[in-house]
Structures are given as structure tokens and as C-alpha cells.
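Enquirer: The structure that follows is given in the form of C-alpha cells.
The values are calculated or read from the model by the stated rules, or taken from the named source; none is laboratory data. Being a predicted model, the structure only gives us computed values, none of them experimental. Note that each Cβ is placed from the backbone with ideal geometry, even for glycine, and that neighbours are counted across all protein chains shown.
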Amino acid sequence: MLSKIKTSTAIFALLAGMGSVAFADEVSEKWIQEFQPSVLTESEQQSEIDWFINAAKPFVGMDIKVASETIGTHTYESQVLAKAFFELTGIKVTHDLIGEGDVVEKLQTQMQTGENIYDAYINDSDLIGTHWRYKQARNLTDWMAGEGADVTNPGLDLQDFIGLPFTTGPDGKLYQLPDQQFANLYWFRNDWFNDAKNKDDFKAKYGYDLGVPVNWSAYEDIAEFFTGREIDGKTVYGHMDYGKKHPSLGWRFTDAWMSMAGMGDEGKPNGLPVDEWGIRVNEKFQPTGSCVARGGATNSPAAVYAIQKYIDWLGKYAPPAAGGMTFSESGPIPAQGEIAQQMFWYTAFTANMVEENIAVMNEDGTPKWRMAPSPHGAYWTEGMKVGYQDAGSWTLMKSTPVDRAKAAWLYAQFVVSKTVDLKKSHVGLTFIRESSINDQSFTDRAPKLGGLIEFYRSPARVQWSPTGTNVPDYPKLAQLWWQNIGDASSGAKTAQAALDSLCEEQEKVMARIERAGVQGDIGPKLNEEQDPAVWLAQPGSPKAKLDNERQTPVTISYEELLKSWSN
């Protein structure tokens, strides 16, 4: 069988020259069957594949390298889609799976040295402010209309992507193309919440119904209620988190924990002028400060409240070992069946949480748990973002030679194409296209995914967004967070002292960028320092300390929540 032949560069070159349609058709047919279900008909899939085959002809025999972080979606791309792309086009792709921090480090090195380490990156759209300001990433809007026009898929359908607001700069240009997205939501044991005794006991103790918490005060009560309770012969905990001083502790907070507390301003997709990092920008989108003395909010009362709640809950309501765990170590714990709820929970875990024969699954294949919108803190107001959405996105650096960038762009488009996206979405459950989210196959699968489909089809989705354009240099600033928050988590510093240090260090980095002038007239332009009281007295963020940070607890039944999404 021709489909079983180990293809080589020579064979591809020969077939390209002979116009061997029979070989291409058989290979295409094999892969079309792999890419089921699809939002396209098999005939439409074949047409899109034919476009890739023809567009790739100038690059047959080329070897390219791309990098992404290690999650299930990218594993599928690396192990299956890269192979499919090679067999169909003759372009060999080495798709490296490395840690998220390593992706940022490699990208930063390529920016600093100009050395072409990788031909393309899937890096978080959290770097949109970096790419827009430094101009070292190819502007995809101009690329698709210019140099890359001959290798841009006419069926790409940008309007079908749900994450373009996250990858577009203030100049209106697209700098990255989303490849996978997942949100940071609230996770809870629906079976425990619906247990009659638990409901009665909770109502008797707190005076309101046990349900999905709308605010942090309700979350805190629920955490207290379940911690130490005996369920199914186990002592359970009302909260799960992690606290080790480690790079993953940084994104635990920059991934919107501070905006969930209410630190920033209102605005979509990020607070404006103050975002969820506490960084203020002016009308030209120039960062003007991080500390309250310059109009920022990183060390504001709302930020201190956010960190103190994290520390308190970790110590009181999470398993004793959680404080010494990293993100990856803590992730599997809820699936073991001893956690009642977790506010900071990524939907990327969904695929592992629906495996058969684990403690949080029913025998009929439905989950005992559900996911819901994250509750918000005392400083939060309507119109603010209330959670984070990761958007791992394709990025082409200007330091990559044009021919290699074109070949990599073809691969990038292939793995997000309508031909393969629905199947990839079923594998990784990280959605990027409306057409995949709304496909009947996900309507059928929704009961087994604990609310994931309902969330992504709901209007609430737009309040979850990645880091925005206020952050001028993500690689430099992100590392400051885990180091300083780690001091607060370990008890080495108070929350206030740790945040004072963090905002000062952020401003030092921004001041260096300002002096260097490397970001031109869109780079930082720090405000003069003033008495913090001046800024705290003004509307918006930074916000003055509340007299009472304990809100009236509010919960909602999961059923009512779902109804509100469909109205």
C-alpha cells in the first residue's frame, strides 16, 4: 500500500514533479478519516488539503522547527498533526514540547540575539503587549496581505476565531493566531453540593443555601464548611491551591487573580487604564506606573486583599501539602476525590478529569463535578474581567527567514484549519473556533464535560481574557511576580511588603525600557510620584481600602446559572 510507504524527500520531489494525484488522494483519504468529526464535509476537507499540498510545493523537503508548551492539545499536534502535515506536504516539522517558561525563555533569547532558534512559536497571547511594542514579531495582518499572501489559506476564516481580541494590538493589527484556549474557572463537587444533609447543615450554620458562590465571602464559607468534614469515609478539604516559590506561582496571580478580587478597572478584554497586573497606561497606551504613588494598583488595598485571602485560604482550607506544591503537582489533586471546590482551576484539566474509573466520575460516564464562573472579590464591580483565559497563539518572529516563516505559517494554519479543528478540540478540549464550539458533536458530548460547553457557548465567556497590552515586557516582568509573591506565601514578608517590592521592581524595569527608548513612543513613560492618597481619592483603580471587606455572601444554584446563560 502506498500509504504505508515511508516517504522521503526524494519521493516527494519525484511525486511533485510527476503530479502523482493517486498518491496524494490515498494519503489524504487516510488523514481525512483521522480528522473526524469535522465541521467540513469530506469533500470540503479534501479541497482544503489540496490547497495545502499545492501551496507547500516550493518548500518540499524543508525541515522546520516549532515550539509550544506541553499540554494535551499540543501533544496531539506534535505526534499526529505534524506527521499528517509531512505526509501531505513534504515539509517535515519538529514540534518541540517544552515547559511554558522555556517557551518564553527561547522566545526572549531569539528577540535579544536575532538567532533563529525556532521558525514559529505557540506562545501565550499574554505577550501581546511585548510583541506590539518591540515589533520583533511579524504583524500577521500585513504578512497575510503581503509577503505571506501566497501561503495564507483562503479558508482560514479569521472571523470564526473567538480569541482575536486577545491577539490584536491597539494599532488594530493581528500579531498572533490562536491555536488553543482554556479558561480559569470555578470547580466544585456537584454531588456533594446537592446532598440533602450537606444542604441542610450548611443552611443551618450560615443561613443561606449551599450553591455556586457568586462572591468570595460565600466561597470562604463553603471552604470552611467542607474542611474537615467526613464524606465517603474520607476527611475532605474545602479548597485547593498551591504555594511553592516557583515560576508557576507567578501566573497563579497574573492570570487574573487580582482582577477577580477587583484590583483593576472596568473594561474588556482588560481593565483600562489599570489592568489586572496593576499597571496603568495613558491615552497613548504607554505604561505610566505600577505602584499607587504613580497611579498603579499593584500594591493597592485591593491587591493586598487578594494576596491575603490567598494566604489565609491556603493555610486554613487546603490540604497541608498544598503549600509546598507547584502548579503541575497540585493539578491532579481534585481528581482524587477529597476536594470540595477550587476557585483557581484551569479547564485544560478537563480531559484528565473525565477519565473512567476515577473518584470524581460516575459509572455512567458523567462527572460528579461541575465548572462555573469564578466568584469575585469585595473590590470587583460590574464590567470588570472576572477570570483568565489562556490563548496559546502562533507567533512568527521577524528574525526567521522568509522561506522558513512561510513553511511554518502553513503548518500553523494546518493545525488550526477547519479540516482538523473539531477533532483537535475533542482531543484537547481547548476551543478556538465558534464553529467547533457550536457543533452538534459537542452538544451530544456536553453532559459528560461538566459545564465546559455551556460556558463556551455563554455570553459570560467574554469576561475571561488573557494578559493585555498594558504589560510592556512580559518575559522581564513575569519573573518578578513569583519571586515576590513567594515571599508572601512563605511568610517571609507581609502581603503589603511583598507587593510594595513587586510594584517597585516592575517600575524599575519599565524605567530602564523608557531610558533605552527601544519601544519608541508606545513604551513606558512613568508618572511622577505623588502621595498615594491623591490617587486613592480618584474614581476607579487604584481603590481605597473598604471599611468592610466581608461581603454579604451570595450563592446561586447551578441550574439557575445555566438558565441565566441561555436567556
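Enquirer: Go through the stretch 272-330 and give me each residue that's among the β-branched types (Val, Ile, Thr) and not in a helix (DSSP H, G or I).
Expert: Val274, Ile279, Val281, Thr288, Thr298, Thr326
Enquirer: Moving on to the next point. If I filter the stretch 388-397 for residues that are closer than 19 Å to Thr73 by Cβ, assigned to a strand (DSSP E or B), touching a Lys or Arg at 6+ places or on another chain (Cβ under 9 Å) and at pLDDT below 95, do I get at least one hit?
Expert: From the stretch 388-397, those closer than 19 Å to Thr73 by Cβ are 388-395; that's our starting set.
Retained after the next criterion (residues that are assigned to a strand (DSSP E or B)): 389-395.
Now drop any that are not touching a Lys or Arg at 6+ places or on another chain (Cβ under 9 Å), which leaves 389, 395.
If we keep only those that are at pLDDT below 95 as well, we get 389.
Yes, some residue in the stretch 388-397 is closer than 19 Å to Thr73 by Cβ, assigned to a strand (DSSP E or B), touching a Lys or Arg at 6+ places or on another chain (Cβ under 9 Å) and at pLDDT below 95.
Enquirer: Which of (1) part of a helix (DSSP H, G or I); (2) at pLDDT 95 or above; (3) under 19 Å from the mean Cα position of the chain (by Cα) is the odd one out, the single condition Trp187 does not satisfy?
Expert: The number of the failed condition is (1).
Enquirer: Residues that are at pLDDT 95 or above and more than 18 Å from the chain's Cα centre (by Cα), at least 3 per element: which helices (runs of 4 or more DSSP H) completely within the stretch 422-471 meet that?
Expert: Hits in the stretch 422-471: 440-445.
Enquirer: Now, a different point. Looking at the stretch 190-210, can you tell me whether even one residue there is out of contact with any Cys (no Cβ under 9 Å at 6 or more places or on another chain), over 30 Å from Val39 (Cα atoms), part of a loop (DSSP other than H, G, I, E, B) and among the polar types (S, T, N, Q)?
Expert: yes
Enquirer: Which one is farthest from Pro273 (Cα to Cα), of the residues in the stretch 532-547 that are touching a residue at least 24 places away in the same chain (Cβ under 8 Å) and assigned to a loop (DSSP other than H, G, I, E, B)?
Expert: Leu546
Enquirer: Look through the stretch 214-246, keep the residues that are of a type in the set (Ser, Thr, Tyr) and in a helix (DSSP H, G or I), and return whichever of them is surrounded by the most Cβ atoms within 10 Å (Cβ to Cβ).
Expert: Tyr219
Enquirer: Pairs only if they're at least six apart or on different chains, beta carbon under 6 angstrom, first in the stretch 342-371 and basic (Lys, Arg) and modelled with pLDDT of 90 or more, second in a loop (DSSP other than H, G, I, E, B) and buried (at least 23 other Cβ atoms within 10 Å of the Cβ); list them, first residue then second.
Expert: Correct list of pairs: Arg370/Gly450; Arg370/Gly451.
Enquirer: Which members of the stretch 335-383 meet the condition of being over 24 Å from Pro553 (Cβ atoms) and β-branched (Val, Ile, Thr)?
Expert: Within the stretch 335-383, Thr347, Thr350, Val354, Ile358, Val360, Thr366 qualify.
Enquirer: Output the residue which, of all residues in the stretch 63-96 that are surrounded by fewer than 23 Cβ atoms within 10 Å (Cβ to Cβ) and among the acidic types (Asp, Glu), is modelled with the lowest pLDDT.
Expert: The qualifying residue modelled with the lowest pLDDT is Glu69.
Enquirer: Could I ask something else about it? Is there a residue in the stretch 359-382 that is of a type in the set (Ser, Thr, Tyr) and surrounded by fewer than 24 Cβ atoms within 10 Å (Cβ to Cβ)? So that I can check it myself, show each step before the final result.
Expert: Taking the stretch 359-382 and keeping what is of a type in the set (Ser, Thr, Tyr), we get 366, 374, 379, 381.
In the following step, the residues that additionally are surrounded by fewer than 24 Cβ atoms within 10 Å (Cβ to Cβ) were identified as 366, 381.
Looking for residues that are of a type in the set (Ser, Thr, Tyr) and surrounded by fewer than 24 Cβ atoms within 10 Å (Cβ to Cβ), one finds at least one in the stretch 359-382, hence yes.
Enquirer: Does Glu329 satisfy being among the acidic types (Asp, Glu), surrounded by fewer than 21 Cβ atoms within 10 Å (Cβ to Cβ), within 30 Å of Arg445 (Cβ to Cβ) and under 20 Å from the mean Cα position of the chain (by Cα)?
Expert: So Glu329 fits the description; yes.
Enquirer: Conditions: (1) surrounded by fewer than 24 Cβ atoms within 10 Å (Cβ to Cβ); (2) at pLDDT 95 or above. Gly278 meets all but one. Number of the miss?
Expert: (1)
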